[in-house]
1. Of Pro362, Gly270, Gly216, which is farthest towards the positive pole of the chain's charge dipole, taken about the Cα centre with +1 and -1 on the beta-carbons of Lys, Arg and Asp, Glu respectively?
2. Go ahead and set up a Gaussian network model of the chain, Cα springs under 10 Å, then flag whichever of Lys337, Lys89, Lys191 fluctuates most.
3. Find, among the GluC sites (Glu not before Pro) in the range 280-387, those assigned to loop by DSSP (not H, G, I, E, B) with at most 10 other beta-carbon atoms within 10 angstrom.
4. As an exercise, take the mean of 1/r over every pair of distinct alpha carbons in the range 260-409, invert it, and state the Kirkwood radius in angstroms.
5. Among Ala414, Ala430, Ala374, whose mean-square fluctuation peaks in a Gaussian network model of the chain (Cα, cutoff 10 Å)?
6. Sort out for me the Cα centre separation of the range 45-64 from the range 235-255, rounded to whole Å.
7. To the nearest 20 debye, what is the magnitude of the charge dipole of the chain about its Cα centre, counting +1 on the Cβ of each Lys and Arg and -1 on the Cβ of each Asp and Glu?
8. If you average the C-alpha positions of the range 331-351 and of the range 91-150 separately, how far apart do those two centres end up, in angstrom?
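Just so it is clear, none of the values below were taken in a lab; they were calculated from the coordinates. Model, not experiment: these values are computed from the prediction. With ideal geometry, Cβ positions are generated from the backbone for all residues, glycine too; neighbour counts draw on all protein chains shown.
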Amino acid sequence: MEEIMPRHESRRTVLKSLAAIGAGLYVGPVARADDSKSPNEKLNLGLVGVGGRGYANLQGVASQNLVALCDVDPRQAKTAFEALPQSTKYADFRRMLDGETLDGVVVSTTDHLHVPIALNAMRRGLPVYVEKPLGHNVWETRLAAQVAREQQVATQLGTQIHAGDNYRRVVELVRAGAIGPIEEVHVWVGKGWGGGTRPTDTPPTPEGLDWDLWLGPAPQRSYHPTYLPANWRRWWDFGSGTLGDMGCHYLDLVFWSLGLKYPTAVAAAGPPPDAETAPVGMTATWDFPARTVEPAADGAAGGEMPAVKVTWYDGDRAPRELHGIKLSGSGVLFVGKEGQLLADYGSRKLFPQEAFADFTPPEPSIPASIGHHAEWIRAVKTGDPTTCDFAYSGPLTETVLLGLVAYRLGRPIAWDAETLTVPDVPEAAALIRPPYRAGWEIA
């Protein structure tokens, strides 16, 4: 999801299209967050992080009034800043929240700033759209979901593929029992955000970049271009490797299909853990208990589900074949007692193919999404639910991050979701709730 625009699309083309958005942007008296909004009335939004992935999210909410843009790096924000001259520009999200009266906030920063920004906004009663993963550690992820529930604000995690039709058809196949009870699922992503050695040289900080704000709650270190604009994902202090970057996208399909919430046991394997960076390839497994899945408001059928083991592979550990099925790229393989279901973002296949030659899929029951960003916009205006609110995406993100806890501990763990602890492994606490830099503490 790092690709922000087609490679053939020039910056001039992008500026031209955004200028069209900016030309119709009204920045005047700002409606208060507690004012009721009719479905046809535009929201006044503040965006934190408008370069990189934030540019795509800006496009996703461009139908609304983008009254404030915030980014610590004017180099990355240049396209958005120039295209929307009427909006107020900020480097510090706290100044933006203090200085603007908004209806919602879109957060597209590095992982380690997602929750500090979202908490600040939600505790002001503001709805938030947050890029994945929701949090940078398990404890703050749970806290974000708790505050969203207490404040009763509209939330949405940036798992945009959830809005696609293919995921809906896969969920319907699983819930209809097309391949029978599922006790085993495999998920793989072929790329690898990992490796690297902490630089020792200290080049000057680029003009305009507020490095201290970019660090936020992370431990103090000197600026280096190796971290920006995208390689921060490799570093534990800022990102969560490939599993943190892509896990919420692919495990989303598993969570939705199987009605999962919290695992009870987690294990991981890979090269010896590095104190600074994620591995170039790893595996993780999560054990989930048997459960009763209630019929969902989105139309997905309910039913009894057996205990299931979910296995993740990334980077150089991605498999090329499982259960006799050739694999490539990235995807999900559901293994049922009566067959297998192979899926990715846009396709699905049942195996053995000869056994399903005359198979008739169930009638579609989950309606098409109006769009992932559009769901959140509608929710802010009307109170309608979103499909990836923090009640759903919180446990999804926690599961992803627990895979990294097990990997960094170098041992399997039993997980107590109620207390957020790993019984009998005290060293796990520092990974579940690591310290925050002075002045950036959250509670």
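1. After comparing all options, I get Gly216.
2. Judging by the Gaussian network model, the answer is Lys337.
3. When the GluC sites (Glu not before Pro) of the range 280-387 are filtered for loop state and at most 10 Cβ neighbours within 10 Å, Glu354 remain.
4. 18.3 Å
5. Ranking Ala414, Ala430, Ala374 by mean-square fluctuation puts Ala430 first.
6. Measuring centre to centre over Cα atoms gives 21 Å.
7. So the magnitude is around 720 debye.
8. If you average the Cα positions of each part, the centres end up 35 Å apart.
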